[in-house]
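The values are calculated or read from the model by the stated rules, or taken from the named source; none is laboratory data. Because the structure is a prediction, the values reported are computed rather than measured. Note: ideal-geometry Cβ built from the backbone for every residue, glycine included; neighbour counts use all protein chains shown. What goes into the accessible areas is simple: the full protein's heavy atoms, side chains included, and nothing from ligands, DNA or RNA. Shrake-Rupley method; radii C 1.70, N 1.55, O 1.52, S 1.80 Å.
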Amino acid sequence: GVPDVILNKGPKSSISITFTVSGLSGAAGATTTSGAAVTSGSATASQTAVTSLKKGKTFTAGNLVYKVTKASKKSGAATVAVSGVAKSGTKKASLSVPKTVKNKKFTYKVTAVNKKAFAKAKKLKKVTLGANVKTIDKKAFSGCKKLKALKLSAKLSKVGKGAFSGCKNTIKVSG
């Protein structure tokens, strides 16, 4: 329930707040991560705000591995690039890079495909790029010998040198 709050106006206009914490475990005299002192009963660390991973950190979601390119405290403001294919994705004939991706309740915009990101996807025939993807780095799809189709959901601002080197087929680009 809601804690009881008692406001006592003391000398020099200071305010003291007394409340009871219940439903938590811990020892009296402990403090939570928010700094609240436990005077009776018990408490555990309070839930911390969800923030993005630091720039340069990687995580796997679905069939792809992502690298944080811009950190943020605001969900949806942080960005990531596809930096590789997860083991589960290496056997797929078709992969989609989403517009956004979630990691631990935090949403990131997927804005790029990094250097050699799809190099291990030897069976890949079709790739769909989400609406936030604006950059394909050099050699991003190098070695994807079976790649035949690339579907774009946004206008690309940069395609790196040799982004499709080693692809044996003519790649049909749509979108």
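The table below gives the values:
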read-out: Peptides ranked, highest mean first, by Cβ atoms within 10 Å: ranges 75-84, 100-109; value: 75-84, 100-109
read-out: Under 11 Å, Cβ to Cβ, from Asn132 - net charge with Lys/Arg +1 and Asp/Glu -1; value: +3
read-out: Accessible-area ranking of Ser52, Ser153, largest first, probe 1.4 Å; value: Ser153, Ser52
read-out: Kirkwood-based shape ratio for segment 56-165, expressed as Rg/Rh from alpha carbons; value: 0.95
read-out: Entries of Lys87/Lys148; Lys99/Lys125; Lys54/Lys146; Lys104/Lys146 with Cα pairs more than 31 Å apart; value: Lys54/Lys146; Lys104/Lys146
read-out: Links that overshoot a 30 Å alpha carbon limit, given the list Lys126/Lys161; Lys74/Lys120; Lys74/Lys145; value: Lys74/Lys120; Lys74/Lys145
read-out: Pairwise FRET efficiency - Lys73 versus Ser94, Cβ, R0 = 30 Å, nearest 0.05; value: 0.30
